[in-house]
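First the structure, in the form of structure tokens, and then the observations on it.
The values are calculated or read from the model by the stated rules, or taken from the named source; none is laboratory data. Model, not experiment: these values are computed from the prediction. Here Cβ is always computed from backbone atoms with ideal geometry, including for glycine, and neighbour counts include all displayed protein chains. Ligands, DNA and RNA are stripped out before the accessible areas are found, and what is left, the full protein with its side chains, is counted by its heavy atoms. Shrake-Rupley method; radii C 1.70, N 1.55, O 1.52, S 1.80 Å.
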Amino acid sequence: MIAPLDDLPMVRFPDGKTAPYEREWMCRALTVAARKAGYPQWWLADHVAASVTEFLRTQREASVLTVETLTQSVRQVLQVIGYAEVGREFEVGRPIVKISLVEIAQAAGTGYELAFFDLLSRRLDEVVNEEGGCFELFGLLRCVRLLRGKKTWSRDCETLRDEIVSFTRDHTGVAKAASEIRFTLV
């Protein structure tokens, strides 16, 4: 048997896909639920996420949890601690998808910015439409130097960096304006 990361279970979604449980993911889902329930700065999100994480770490009998089981368990906990309204809004959602800008730049080829933006556009569409709209783009500075063919940072690197940031903001806003999209660009 393969042991899950940090003795935490995998979470299975209705479409059959699985993802490793992550505390950060739970904290984000709790924060969103609290905001929907009228608590814009809910201080308990991190504490509840930590409690859920520790509880799951002690549960050795299930290495895979369904998203429904996890959702119901968290809702019950929220009801017990007096936050049933947060529980009613709670949905596990999908984990944060990590996207390497360096890998996209490598696939596009050095100096091929048009190909890079096309590949980035496709990957953003895929994440927004199929994976829940919460993602992290990483490797921005290295990606820019790779596309520009530079070993050191220059003014034209700054311009390209700003273009990538602007493109990502614009594209995600157009891709699916009906749902909440959250991303980090580092």
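Once the chain from Thr159 to Val80 is taken as fully extended at 0.36 nm per residue, the excess over their C-alpha distance is 23.2 nm. Most simply put, the chain has about 20% antiparallel DSSP beta bridges, counting only bridges with both residues inside it.
Shown here for the stretch 11-48: chymotrypsin sites (Phe, Trp or Tyr not before Pro) in loop regions (DSSP other than H, G, I, E, B) with at most 12 other Cβ atoms within 10 Å, namely Trp43.
What separates the Cα centres of the stretch 27-44 and the stretch 87-154 is a distance of 27 Å. Each Lys and Arg contributes +1 and each Asp and Glu -1, all at the Cβ; summed about the Cα centre of the chain, the dipole is approximately 340 debye. The alpha-carbon atoms of the stretch 1-130, seen along their principal axes, cover 57, 43, 24 angstrom, with the largest extent given first.
In terms of the mean number of neighbouring beta-carbon atoms within 10 Å, the peptides 72-81, 138-147, 155-164 order highest first as 138-147, 72-81, 155-164. Fully extending the segment from Ser63 to Thr18 would add 15.1 nm, taking 0.36 nm per residue of separation and subtracting the current Cα-Cα distance.
Surface composition of the chain: carbon plus sulfur atoms hold 52% of the accessible area, using a 1.4 angstrom probe and ignoring ligands, DNA and RNA. Take each peptide in 113-120, 13-20, 29-36, count the other Cβ atoms within 10 Å of every residue, and average; sorted highest first, the result is 29-36, 113-120, 13-20.
Within the stretch 57-101, find all residues whose amide N lies under 14 Å from a label point positioned 7 Å from the Cα of Gln41 along Cα-to-beta-carbon. Counting only backbone N, you get no residues. A 1.4 Å probe run over the protein chains yields, for the chain, 58 Å² of accessible area per residue, whole-number rounding. Each Cα pair under 8 Å and six or more residues apart adds its sequence gap; the mean of these over the residue count of the stretch 1-137 is a relative contact order of 24 percent.
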